[in-house]
Amino acid sequence: MATIDSLLKEKRRFSPSTEFAQKARISGEAAASKLRALAAKSPEKFWDSAAKDLLWAKPWKKTLVWKPPFAQWFVGGKLNLSANCLDRHLDGPRRNKAAILWEGEPGDRRTLTYQELHYEVCRFANALKSLGVEKGDRVAIYLPQVPEAAVAMLACARIGATHSVVFGGFSSDALRDRILDAQAKVVVTADGGYRKGAVVPLKENVDKAVVQTPCVKKVVVLKRAGCKVDWNDGRDVWWADLVHGRSAVCPAEPLDSEHPLFILYTSGTTGKPKGVVHSTGGYLTQVAWTTKHVFDLREEDTYWCTADVGWVTGHSYVVFGPLANGATTVMYEGAPLYPHPDRFWAIVERLRVSIFYTAPTAIRTFVRFGDEWPKKHDLSSLRLLGTVGEPINPEAWLWYQKVIGGGKCPIVDTWWQTETGAIMISPLPGATQTKPGSATFPLPGIVAEVVDKAGEPVPAEQGGYLVIRKPWPSMLRGIYGDPERFKQQYFSQVAGGTYFTGDGSRIDKDGYLWVLGRIDDVINVAGHRLSTMEVESALVSHPVVAEAAVVGRPDEMKGQGITAFVTLEAKQAPSDRIKDELRAHVVKAIGAIARPDEIRFTDSLPKTRSGKIMRRLLREVAAGQGVKGDTTTLEDFSILAKLQSTDEE
Ligand code: WTA
């Protein structure tokens, strides 16, 4: 019994170059298979040995205690995340190595060596203590993408406070809800941050939020944008004043492996935000291992993950993963297209970035602006590319490979979630032959399967639900304050302690895994359950299409019909002829069943601030109902108004 019909087939293959493979940490398919086999025999043993790469204050007694759905890893062990990211690099040559290479949107720059970062973190940790922050307290961090965001996160980790980073693009209401849910004692913010040339009034948003959050005792304000701010004497304190003259001696507190490191709210594309809770030891073990092996990280790399620290990708792969490995991590404050669509490429050229990790939504935007922007820059320093956040359509993958990677860089398409904490499914770059659009295989130590409603594996080439069968070290430990929702959301669909990802997926006859998007987005056309992602991929493979989002709309005959929202390439004018061409194109790529009933052209699509298309809202627009659902995570409200005013065909 198939649960999703998967109809799109991709035939192209890419192997790592011999040069890359030879030097890789996991070199060649034989080495990878050996590692996979070993890990498959005992995932626990595999992770046990990965955990030994970290610095522990006290060794663990038991690798895993699993009382479904609650897992504990490295039980009895004690460690400190900030000591792992900082202190242990200070004894050798890494002491004066750049930990963070930062660029602000206006073009200002800073470099922090490991020594300097350690100094800043220790002083800020002492500063937090002076405000009454203790082990176990929650601290909300609402900052732009500046080095102080990393400093604040690491300072919390140093003293055992649990941080909750709230993305600087969120509104004061969203901030208020997150502060209240976590009962944060302190908020760390800035006067303002830069975005697309304008100043985002962060402090003003905090002022509005905290009048409704009695739990907040102090607000620490970093001077970043220099804009005017209101001041509450008893509550507000400038970052600079707070750390001035403060001691830089602050021993890292040994914490239980299971100590809650952070809470991060995720609404995904539906519903009320959930406070996803992550641990210390298990989380860092998998984050550190994946950073090292999925990105084939080496001492001399300049590593850049473009995510904001407000997202899980920013936590795991801008801050903690690279620093735990003693790497140099790049941080950029602003918008990718500011002041021109080559901002990223200018940074890659200047810093000789060698590893570059970004989102498909960004790649599709760059495709739309044209090759001339990356072509202005020398990108030859790049040796590995990565993507995360959404299924990447093969056309965007191929463009990334050719235009950005110069045809020589392996691409790691990494599947994971806020809830998984770290990468779960991904190529191993020096070993895996890739297929554009496939995240390939579960990493060693991860047991992922594609199953039907009854929890039984579906045959090859058939779509089903992506599940994780066994606990993994960086899995979420719960939803803050709501164990019932945790069970309900992730462990009620399939019995026996199997984690339900909410994604649809298919495994092809070669064993490659293809993520088909969220189960909630599946469209049911005349009894066929179609993946939106496949229809979108087919549309985007047409030369005039830059981006597409596909949703179901009620249809009396077929159950659901297909509405496609299409953004054309910058130079292309919409027309009925193009609509006909696109319909024919989809029919050719997938079949008549996937033929869009309606095509609407739009300049942009409603997205979350992390770039995910909000199909839930598009469904409401397509059904002609007007949008009623939660829109607090929407990036640009004007898009919705425009979409709703677009005439039907
Ligand atoms: C989607 C981001 C296909 C997926 C780290 C998942 C992907 C959700 C991929 C989690 C990928 C992420 N291929 N789909 N490589 N990576 N997704 O919590 O639907 O922001 O469930 O975490 O993004 O998004 P989140």
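The values are calculated or read from the model by the stated rules, or taken from the named source; none is laboratory data. Predicted model, so just to flag it, every value in this text is computed and none were measured. Here Cβ is always computed from backbone atoms with ideal geometry, including for glycine, and neighbour counts include all displayed protein chains. Note: areas computed on protein heavy atoms with side chains; ligands, DNA, RNA excluded. Shrake-Rupley method; radii C 1.70, N 1.55, O 1.52, S 1.80 Å.
Taking 4.7 Å between beta carbons as the limit, the unpaired Cys residues of the chain are Cys85, Cys156, Cys215, Cys227, Cys305, Cys409.
Which percent of the accessible heavy-atom area of the stretch 164-248 goes to carbon and sulfur, probe 1.4 angstrom? List each step's numbers first, then the result.
Numbers: 1860 of 3730 Å².
Carbon and sulfur atoms account for 50 percent of the accessible area of the stretch 164-248.
The share of accessible area on the stretch 522-648 that comes from carbon and sulfur is 50 percent, using a 1.4 angstrom probe.
Accessible surface calculations at 1.4 Å, restricted to protein heavy atoms, place the stretch 318-464 at 26 Å² per residue.
Angle of helix 114-130 to the longest C-alpha principal axis of the chain, folded into 0 to 90 degrees and rounded to 10: 70°.
Extension gain Arg88-Val199, at 0.36 nm per residue separation less the Cα-Cα distance, in nm? Kindly include the intermediate steps, with their values, before the conclusion.
Details: separation 111, 0.36 × 111 = 39.96 nm, distance 3.74 nm.
The span from Arg88 to Val199 would gain 36.2 nm if fully extended.
Residues in the stretch 522-648 average 42 Å² of solvent-accessible surface per residue, probe 1.4 Å, ligands and nucleic acids excluded. Inter-part distance, the stretch 563-629 to the stretch 356-422, computed on C-alpha centroids, equals 23 Å. Taken over the Cα atoms of the chain, the convex hull encloses 146 Å³ per residue.
Would you mind getting me the FRET efficiency between Lys642 and Arg25? Use the beta-carbon distance for r and R0 = 56 Å, nearest 0.05. Write out the running numbers ahead of the final one.
Values: r = 48 Å, r/R0 = 0.85.
Calculated transfer efficiency: 0.70.
Under the rule a/c < 1.5 gives rounded, and otherwise a/b versus b/c splits prolate from oblate, where does the stretch 498-649 land using the Cα gyration tensor? The shape class here is rounded.
Amide H to amide H, with H built 1.01 Å from N, Ala225 comes under 5 Å of Asp191, Gly192, counting only residues 5 or more places away or on other chains. Semi-axes of the equivalent ellipsoid for the stretch 396-498, computed as √(5λ) from the eigenvalues of its C-alpha gyration tensor and ordered from largest down, come to 30, 17, 12 Å. The amide H of Ile425, built 1.01 Å from its N in the peptide plane, has Trp415, Leu443 as neighbours under 5 Å, considering only residues 5 or more places off or on other chains. Seen against the Cα atoms of the chain and their longest principal axis, helix 281-294 is set at about 60 degrees. On a 0 to 90 degree scale, rounded to 10, what angle separates helix 360-369 from the longest Cα axis of the chain? So the inclination is approximately 70 degrees. The H on the amide N of Leu516, modeled in the peptide plane, is under 5 Å from the matching H of Gly504, Ser505, Arg506, each at least 5 residues off or on a different chain. Note that the stretch 388-402 has calculated 3J(HN,Hα) couplings of 7, x, 7, x, 9, 6, x, 5, 5, 4, 5, 5, 4, 4, 7 Hz, one per residue in order, obtained from phi through the Karplus relation 6.51 cos²θ - 1.76 cosθ + 1.60 (θ = phi - 60°); glycine and proline are x.
Calculated mean residue ellipticity at 222 nm for the chain: -8000 deg cm²/dmol, from DSSP H runs with n ≥ 4 weighted as -39500 (n - 2.57), summed, divided by the residue count and rounded to 500.
Computed with the Debye formula from one identical point scatterer per Cα of the stretch 156-292, without solvent, the log10 of I(q)/I(0) at q = 0.10 Å⁻¹ comes to -0.40. Per-residue 3J(HN,Hα) values for the stretch 580-591, derived from phi via the Karplus relation 6.51 cos²θ - 1.76 cosθ + 1.60 with θ = phi - 60°, read 4, 4, 5, 4, 5, 5, 5, 4, 5, 6, 10, x Hz in sequence order (x marks Gly and Pro). The residues of the stretch 2-144 expose, per residue, 49 Å² of accessible area to a 1.4 Å probe.
With all pairs of different C-alpha atoms in the average, the Kirkwood value for the hydrodynamic radius of the stretch 116-204 is 13.3 Å.
What is the local net charge at Glu419, summed over the other residues whose Cβ is closer than 14 Å to its Cβ (Lys, Arg +1; Asp, Glu -1)?
Numbers: positive: Lys274, Arg477, Arg485, Lys487, Arg518; negative: Asp482, Asp503.
Cβ neighbours under 14 Å give a net charge of +3.
The phi-based Karplus calculation (6.51 cos²θ - 1.76 cosθ + 1.60; θ = phi - 60°) puts the 3J(HN,Hα) values of the stretch 56-65 at 10, 7, 8, x, 7, 9, 10, 5, 9, 10 Hz, whole numbers, x for Gly and Pro.
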